[in-house]
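Have a look at the structure below, then the notes.
The values are calculated or read from the model by the stated rules, or taken from the named source; none is laboratory data. The structure presented is a predicted model; accordingly, all values stated were derived computationally and were not measured. Quick reminder, even Gly has a Cβ in these numbers, built from the backbone with ideal geometry, and neighbours come from all protein chains shown.
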Amino acid sequence: MPRQPFSELLAFIAVARARSFTRAAARLQISQPALSHTVRELEEKFGVQLLIRSTRGVLPTEAGQQLLDRLAPEFDEIEAEIQALGDFRDTPKGTIRITAIDYAIRSLLWPKLAKFLPQYPDIKVELINEYESVDIAARGYDAGVRFGQELAQDMISVRIGPDVRNAVVGAKSYFSGRTRPNTPHDLTDHRCINLRTSTYGGLYEWEFVKGKRSYSARVDGSVVFNNAYDIFEAAKAGFGLAYLPEDMVKSGILKGQLISVLEDWCPVWSGFHLYYPNRRQQSLAMTLLVDALRHRQ
């Protein structure tokens, strides 16, 4: 037997439930004669009477009731799923606040958001640059970005970037008349450009790894900044050595403007991860944003 068109089956279900061709026709927004003709054609195809028509109304036959009992729940489920798609058809809205360091914002978040946001004009993203480990829920953030994925148990972590390697660099002018450092201990003889973090107001210690050996260096110099890009500019101007992500300084190294040192001591960090509270139901805007930021190798 050929497959039956859904429209004919839906017409039958509407009449059987309404117990009236007139009421069913109004619900389906078609004429009563057209609906009656559609149901009669379905009965002819099946070779079975499905409805009993009388002056008191319309009732399903035994065969019609069996068909109604089997098909109506299935069509109801299909209709519910189709209606659920409305969440995706509706324009997603909302403001998402993210805390991250400037390097993550410029090198990773913004390039992806610049492509994402034009697709969803009612989604707003607020990016807050800060070098601080914060309780994002307590501070009113929706998400944060940091290296690695070891987070609190109530957080979800999604990798959004590749591994990152740090580098120690200085301008050619800085090294004029100076001996290049061979180990992190040699940094005590050099001017270094410090980063002040918001957490505890302290200076960031430069971290080094070689084999099984690890070393944290407290460096000193004549200038301190609270963001990586000002440190980068000061290093290019010859004010001292800088400890920065390799991707940030690679162009300067290739052009001969910067010299990289301690390369065998510079660690590779697990890439940036977006972390956010483990809620049962995330907003559509947040779901779309997480997917757009997700790292795909």
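Looking across region 261-296, the residues that are modelled with pLDDT of 90 or more and either farther than 22 Å from Leu108 by Cβ or of a type in the set (D, E, K, R) (or both) come down to Val261, Leu262, Glu263, Asp264, Trp265, Asp291, Arg294.
Cβ-Cβ contacts under 8 Å between residues 6 or more apart (or on different chains), taken from a first residue in region 25-43 that is farther than 17 Å from Leu68 by Cβ to a second residue that is of a type outside the set (D, E, K, R) and surrounded by fewer than 17 Cβ atoms within 10 Å (Cβ to Cβ), are listed as Ala25/Ser31; Ala25/Gln32; Ala25/Ala34; Gln32/Thr22. Among the residues making up region 201-222, a single one is of a type outside the set (A, V, I, L, M), over 19 Å from Ser133 (Cα atoms) and within 32 Å of the chain's Cα centre (by Cα): Phe208. Scanning region 211-232 for residues that are of a type outside the set (Lys, Arg) and either assigned by TED's automatic domain parsing to the domain that holds Asn129 or assigned to a strand (DSSP E or B) (or both) turns up Ser214, Tyr215, Ser216, Ala217, Val224, Phe225. For Ile253, the criteria (1) farther than 20 Å from Ile128 by Cβ; (2) among the hydrophobic types (A, V, I, L, M, F, W, C); (3) surrounded by 15 or more Cβ atoms within 10 Å (Cβ to Cβ) hold in every case but one, which is (3).
Within region 1-56, being closer than 18 Å to Ala72 by Cβ and polar (S, T, N, Q) holds for Gln4, Ser7, Ser20, Thr38. Within region 221-230, can one find any residue that is more than 30 Å from Pro121 (Cβ to Cβ), modelled with pLDDT under 90 and of a type in the set (S, T, N, Q)? No: region 221-230 contains no residue that is more than 30 Å from Pro121 (Cβ to Cβ), modelled with pLDDT under 90 and of a type in the set (S, T, N, Q). Each residue in region 24-57 was checked for being part of a strand (DSSP E or B) and under 11 Å from Phe12 (Cα atoms), and 1 pass.
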